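Read through the structure below, which is laid out as C-alpha cells, and then see the notes.
Read-outs throughout are calculated quantities, based only on the coordinates presented, and are distinct from any laboratory measurement. Predicted model, so just to flag it, every value in this text is computed and none were measured. Note: ideal-geometry Cβ built from the backbone for every residue, glycine included; neighbour counts use all protein chains shown.
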Amino acid sequence: MAREKDADRGVRGKPAHNSGTEATGPTRAVVIVPVLTRHQRNDDETNRPRLTRSADARHDEAVGLARAINLDLIHTAVVTVNDPRPATLLGSGKVAEFAEIVKEGHAEVVIVDHPLTPVQQRNLEKEMDAKVLDRTGLILEIFGERARTKEGTLQVELAHLNYQKGRLVRSWTHLERQRGGAGFLGGPGETQIESDRRQLQEKIIKLKHELETVRRTRDLHRAKRKKVPFPVVAIVGYTNAGKSTLFNRLTGADVLAEDMLFATLDPTLRRVRLPHGTPIILSDTVGFISDLPTHLVAAFRATLEEVVEADLVIHLRDISDPDTAAQAEDVERILADLGVDAGDAKRVVEVWNKVDLLDDGNRERLLADGTDANKAPPIAISAVTGEGIDALKALIETRMSGELEELTVTIEPPQFGLVDWLYRNGDVVSRVDNEDGSATIALKATHTARQEIESRLHRKNRQ
C-alpha cells in the first residue's frame, strides 16, 4: 500500500515561464520511498536491531534530499514492499502505476530512496522511461553541487567514479550509456562500455594520487598546528543538525547555514579564543546521514581525518527531531568506522541543539531520559538563540585546559606588562594597588593558564 504525499506544497523549484519563448524550468521528479517490511538490520558490533525510522521521517528526509538540488517534485509516495523483486525491487503493479504518473507528469527523474542494484536501476528506467537515481546516487548528486574547494571536488568525483564503475550498462536509450561525466542528471555518455570502464579506472587512479597530495598537505598543516599547540575541536552530527549555525555562533564566522540537507560540504577551520583565554581550532565538517555509502566515506577520508585527529569531538544532535535517537546511532556508527569511540566521555561531548523548539515539559523529560550514569550529561543549547552556549564554552575550556583554579599574584612595577594578559586570560576577582607601586590581583584561571602565569612571572623575576 502506498501512502502518497502532496508534493506541490513548499516545492523549492520554480515553474518554467513562457514569455514568447519556452524557458526550461527545474527538473521534474517523482520520489518513491520503499519500506521493506521484512528488512531488519542488525548492528554489526552488538548484533542488536538498529533503531527503525518512521515512514514519515524517511519520506521527509527523501524529499529534503531531492529539494537540496532544486528538483521540482510532482509526486511523492511511501510504498510498503512485502516481497522485494530482484528485477525491480517494487512489484509490477506499482512499477506500472508509477510509470503512468511519470508519463502524465512529464517527469524526467525518479528518486528511489533505497539502494538499487544496477539491474534494478536499468529495469526501472526501461519501465518508467525516465532516469532513476537510488539513495546513493542522489547523495552523490547533492555532493557534486555542494563541493566548492578543489579538495571537495576531487573527493566527490572519486566517489562518483567508484559508484559508476559497476553501473556501465546499456540504458533505455538505444546504444547510449545513461550517465555521462561526474553527475547523473546530464546527457548520455559514450557507447563503448569497455572503453569507458578502462577510462574510469584510469581517472580513479589519477584522482587517488591527487587526493594523496591533498592528504599530505593536510598532514603538513596539522603538523604546523601541533608546533603551536592549539587543541582541535571538531563538530560532527547528522546533516541539518545545526553544525554550521553553532560554528558561526562560536566563531563569529559567516559559514553558509540553511535549513537544507548538506548545506555545508567542504570543511572549515577557525581559531577561537574561549572566555578564559584558551585558544582552540574549531572544525566544521560535512554532515552524516543514514546509509552513507562506504566508498563515499572513503573518498572523504582526508576531510574526516580532522575528526580523527581532533582533541575533542562535539556530537551535535537535533533534539527536536522525532528520529533523533536513530540519527545519533547513525553518527556513532560512522565515528566508529573512523576509529572514534562515541562512548569515550573524555573525548566526545554530546550536545543537544534546537531546544528552543521544545516546550518545557518535553525538554525536562528528554534531559531526564538522556542522563546516563556511564556518560557525561548532555549540554542543551540553541545555536540560534544562544541558550546554553556559555555552558558549552565552559565545558570545552575545562576539557582543554582544566578546571578553574583560584590564585593571587603580586605584580611588581616592572611586570605591569602582564596585567593586560591576566585580564584577558582569567577572571579577575579583585585588584589592590599597593603603596609600593605593586598590585595584588586575585583571579580565577584554568590550570593551563595558571601554569602560564607562573611561568611568565618567573621569567620576569629572573630578568
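Data for the structure
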quantity: Peptides ranked, highest mean first, by Cβ atoms within 10 Å: ranges 138-144, 438-444; calculated: 138-144, 438-444
quantity: Over 31 Å between alpha carbons, listed pairs K126/K203; K126/K150; K243/K346; K203/K354; K126/K206; calculated: K126/K150; K203/K354; K126/K206
quantity: Full-stretch length increase - A57, E212 - with 0.36 nm per residue and alpha-carbon distance subtracted; calculated: 52.0 nm
quantity: FRET efficiency estimate (nearest 0.05) - Cβ-Cβ, H458 to D427, R0 35 angstrom; calculated: 0.95
quantity: Inter-probe distance in nm under a simple model that places probes 7 Å from Cα toward Cβ, at V384 and Q201; calculated: 5.2
